[in-house]
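Below you'll find the structure, written out as structure tokens, and then a few comments.
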Protein chains: 2
Amino acid sequence: MKISKVIRDLSNRAGDWLRGTGGESDVVISSRIRLARNLEGFPFLPRLEEEAAQEVVTRLTTCIERSLAVPDSIVCDLREMPSLDRLLLVERHLISRELANGDDPRSVIFSRDEALSLMINEEDHLRIQVLKQGLELEVLLEKARDIDDRIEKVVRFSYSPKLGYLTSCPTNTGTGMRLSVMLHLPALVFSKEIERVFQAVNSMNLTVRGLYGEGTQASGDFYQVSNQVTLGKSEEDILEDVRRAVPRIVKAERDVREALVSESRTMIEDKVWRALGMLRSARTIPSEEAMEFLSIVRLGAHVGILPDLDVVTVNELFLLVQPGHVQNLQGRTLKAAERDQVRAELIRSRLVV
Amino acid sequence: MKISKVIRDLSNRAGDWLRGTGGESDVVISSRIRLARNLEGFPFLPRLEEEAAQEVVTRLTTCIERSLAVPDSIVCDLREMPSLDRLLLVERHLISRELANGDDPRSVIFSRDEALSLMINEEDHLRIQVLKQGLELEVLLEKARDIDDRIEKVVRFSYSPKLGYLTSCPTNTGTGMRLSVMLHLPALVFSKEIERVFQAVNSMNLTVRGLYGEGTQASGDFYQVSNQVTLGKSEEDILEDVRRAVPRIVKAERDVREALVSESRTMIEDKVWRALGMLRSARTIPSEEAMEFLSIVRLGAHVGILPDLDVVTVNELFLLVQPGHVQNLQGRTLKAAERDQVRAELIRSRLVV
């Protein structure tokens, strides 16, 4: 199947990991492990010449295919890929913004189910990403290790017995692992308690970021909680830090939801129904506004205000309303005003009364 | 039929004059003539003692009933009337706020079709009000004169051959007539051209006021255009001033509507559909917000964006969503929060998808 066809297919549905049907799915969307690895014998990215960068791409691609680590794999040379397709992959969290917008030779290999994505020449030569809905951290870690082991059988990574895996940025040295959990926290945002929660999270060696990682906004009230340091910590330590923190955040979010519903039922019902009304009515809608309304509607569905609403549809829409998806669905670049109209139409067609 | 029952009946429907089915009903809601009259031999209101004021009420009520000027008449002693019922009569324009909230003996006599209302001891001893939907000014004037003549057959009004009818406030002296046309001007408000139009109106000896007359806000983009002076002008002069001005305002409003639809169709469609979506979704809504959305929806219906919507329902809702109506419909005083919920429910039940 041609890449463009694969991309087109993606733009019409959400990956399993975002369908929000996993455990604790009222608050926990997905969990992700990312391992940073570098090839022995090559300089790190900042000092990697173009020719050598191409060599890294070729060698890693070959080795990964040989390792059979990625089932049903799709290989994309990002330099050959139209910007619209790259944007779509960013929105699906299959590649980072940095990888999408780089100049060097770079690629991504991902599994068709989107649970696995291997970025070549992002900040490190290789970044292995494993995604899973819900909060099954052990399963996730096991899977990440399995991929890592398979690849390591056919390639040598830069490794120091004293420091662990060596990485382009020292903050990743050691396990090279970042464990992130994506959470939907509309009630904490609404009640303005989110800052307090974030302070608590920061004091637990964890960090909170927006929907697309470092420096990005928390669109649709989605937040990623992840470990701050890797050096001097084992993979199990990191997992333990996250496993301790996330249930507390989940509880805080649920407590506020419950309080809102029991103490301000009319207010919250009004907010939820109006948000749904706007989504079902708008003829033009920017993505940020759509995300905002979808967030309130998702909250409403989970606190029992919209029992007949299909939450999976709402979860899918979070992805489908984004600019890259909207344009891919139309098969062409659209101006902002056109996008907002196509988006509104798409939302109406999915959220029929 | 008991007054309370009459009032209760009113709270569930709009008077014919507000149904918006008359000529030019896309912009012109209704026309109104008010004649100020005072009984000979009694001081004007500011100097009228309570006992004499009661005498004015008794004498005028008797004379009006004897004159048969008001068909199917309902007589209300406002001192005996609960404040909620008085509020409802204000909202229906059957009495003024001043008459509703006065201390003196005062009454209103109105016809069941609400086309005719006679206020006793408002600013003058008697104010005759004739209402009609659309812009049939001649018919309106003929009707006002007829009522005036009938009453004058059985009572003597203060009159000076030189000045005309004498009134409590000198600005009304002469014909004692105020002719007002209620207009719906959402496009002029939206395009911020309304101020320019008002300046033009003011230069034509006319004045513009809000929904409930002097000093009131223009809720729902409704404005009343009326003559400024009566002294030295004949009834025909006044009618001519209004007849010259109103079509210009109507044209200005229609021009802007047309421009909006042809130049910014998506924007205006979006605005209209969202307003309807909010009305159909809200679980709690203050009256000002409801009026604002209804105004946009009414505009949408008249420019062809909502061809299936029943405009009469929308016109009725402008009246029914107001605080006095909402409370009368429930048959009791409601707190603001309760009112907003009852109002939202009422709107949803009338604007079913």
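For region A:76-89, filtering for residues that are open to solvent by 10 Å² or more (accessible area, probe 1.4 Å) and either charged (D, E, K, R) or within 23 Å of A:SER31 (Cα to Cα) (or both) leaves 6. B:VAL108 falls short of the stated requirement of being open to solvent by less than 10 Å² (accessible area, probe 1.4 Å) and in contact with a helix residue (DSSP H, G or I) (Cβ under 6 Å, 6 or more places away or on another chain). Residues that are in contact with a Phe, Trp or Tyr (Cβ under 9 Å, 6 or more places away or on another chain) and either in the same structural domain as B:VAL225 (by TED's automatic domain parsing) or not polar (S, T, N, Q) (or both): does region B:325-339 have at least one? For region B:325-339, residues in contact with a Phe, Trp or Tyr (Cβ under 9 Å, 6 or more places away or on another chain) and either in the same structural domain as B:VAL225 (by TED's automatic domain parsing) or not polar (S, T, N, Q) (or both): absent.
Quick check on region A:294-312. Is at least one of its residues under 20 Å from B:PHE293 (Cα atoms), at pLDDT 95 or above and within 12 Å of chain B (Cβ to nearest Cβ)? Looking for residues that are under 20 Å from B:PHE293 (Cα atoms), at pLDDT 95 or above and within 12 Å of chain B (Cβ to nearest Cβ), one finds none in region A:294-312, hence no.
Here's the yes/no breakdown for (1) in contact with a Ser or Thr (Cβ under 6 Å, 6 or more places away or on another chain); (2) aliphatic (A, V, I, L, M):
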{"site": "A:SER226", "(1), (2)": "yes, no"}
{"site": "A:ILE238", "(1), (2)": "no, yes"}
{"site": "A:VAL246", "(1), (2)": "no, yes"}
{"site": "A:SER262", "(1), (2)": "no, no"}
{"site": "A:ASP270", "(1), (2)": "yes, no"}
{"site": "A:LEU276", "(1), (2)": "no, yes"}
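Applying a threshold of 7 Å to beta carbon distances and a minimum spacing of six or more residues, or different chains, the list of pairs starting in region A:334-347 at a residue that is facing another protein chain (nearest Cβ under 10 Å) and ending at one that is part of a helix (DSSP H, G or I) and open to solvent by 30 Å² or more (accessible area, probe 1.4 Å) reads A:GLN341/B:THR266.
Report, by residue number, each residue of region A:255-285 that is open to solvent by 40 Å² or more (accessible area, probe 1.4 Å) and away from chain B (no Cβ under 11 Å). Across region A:255-285, the qualifying residues are A:ASP255, A:GLU258, A:SER262, A:GLU263. If you go through region A:298-353 and keep only what is within 23 Å of the chain's Cα centre (by Cα) and among the β-branched types (Val, Ile, Thr), you end up with A:VAL311, A:VAL312, A:THR313, A:VAL314, A:VAL321, A:VAL326, A:ILE347. Of the helices (runs of 4 or more DSSP H) lying entirely inside region B:15-118, those carrying at least 3 residues that are farther than 30 Å from B:ASP310 by Cβ and either of a type in the set (Val, Ile, Thr) or without any contact (Cβ under 8 Å) to a residue 24 or more places away in the chain (or both) are B:50-67, B:97-101. Could you say whether any residue in region B:212-224 is at negative phi and either touching a Pro at 6+ places or on another chain (Cβ under 7 Å) or in a helix (DSSP H, G or I) (or both)? Checked against the condition, which is being at negative phi and either touching a Pro at 6+ places or on another chain (Cβ under 7 Å) or in a helix (DSSP H, G or I) (or both), region B:212-224 yields at least one hit. Within region B:133-153, the residues that satisfy the criterion of being surrounded by 19 or more Cβ atoms within 10 Å (Cβ to Cβ) and either farther than 22 Å from B:ALA53 by Cα or hydroxyl-bearing (Ser, Thr, Tyr) (or both) are B:GLN133, B:GLY134, B:LEU135, B:LEU137, B:LEU140, B:LEU141, B:ALA144, B:ILE147.
When A:GLY102, A:GLY134 are checked against the criterion of being of a type outside the set (A, V, I, L, M) and within 29 Å of A:GLU253 (Cβ to Cβ), a single residue qualifies: A:GLY134. Checked against the criteria, B:VAL139 does not count as within 14 Å of the chain's Cα centre (by Cα) and either among the hydrophobic types (A, V, I, L, M, F, W, C) or not assigned by TED's automatic domain parsing to the domain that holds B:LEU211 (or both). If you check A:SER107, A:SER117, A:SER180, A:SER111 for being closer than 30 Å to A:GLY300 by Cα, within 20 Å of the chain's Cα centre (by Cα) and small (Gly, Ala, Ser), only one passes: A:SER180. Looking only at residues in region B:239-254 that are of a type in the set (D, E, K, R) and surrounded by fewer than 22 Cβ atoms within 10 Å (Cβ to Cβ), the one that is farthest from the other protein chains (Cβ to nearest Cβ) is B:GLU240. When we screen B:SER180, B:SER168 for residues that are polar (S, T, N, Q) and assigned to a strand (DSSP E or B), the only hit is B:SER180.
For the condition surrounded by fewer than 21 Cβ atoms within 10 Å (Cβ to Cβ), hydrophobic (A, V, I, L, M, F, W, C) and away from chain B (no Cβ under 14 Å), A:LEU329 qualifies.
All of A:ARG209, A:ARG196 fail the test of being outside any loop (DSSP other than H, G, I, E, B) and at pLDDT 90 or above, apart from A:ARG196. The residue of region B:154-168 that is most open to solvent (accessible area, probe 1.4 Å), among those that are touching a strand residue (DSSP E or B) at 6+ places or on another chain (Cβ under 8 Å) and not aromatic (Phe, Trp, Tyr), is B:ARG156.
The values are calculated or read from the model by the stated rules, or taken from the named source; none is laboratory data. Predicted, not measured: the structure shown is a model, and the values here were computed from it. Positions of Cβ are generated from backbone atoms using ideal geometry, with glycine treated the same way; all protein chains shown enter the neighbour counts. These accessible areas exclude ligands, DNA and RNA; they are computed on the full protein's heavy atoms, side chains included. Shrake-Rupley method; radii C 1.70, N 1.55, O 1.52, S 1.80 Å.
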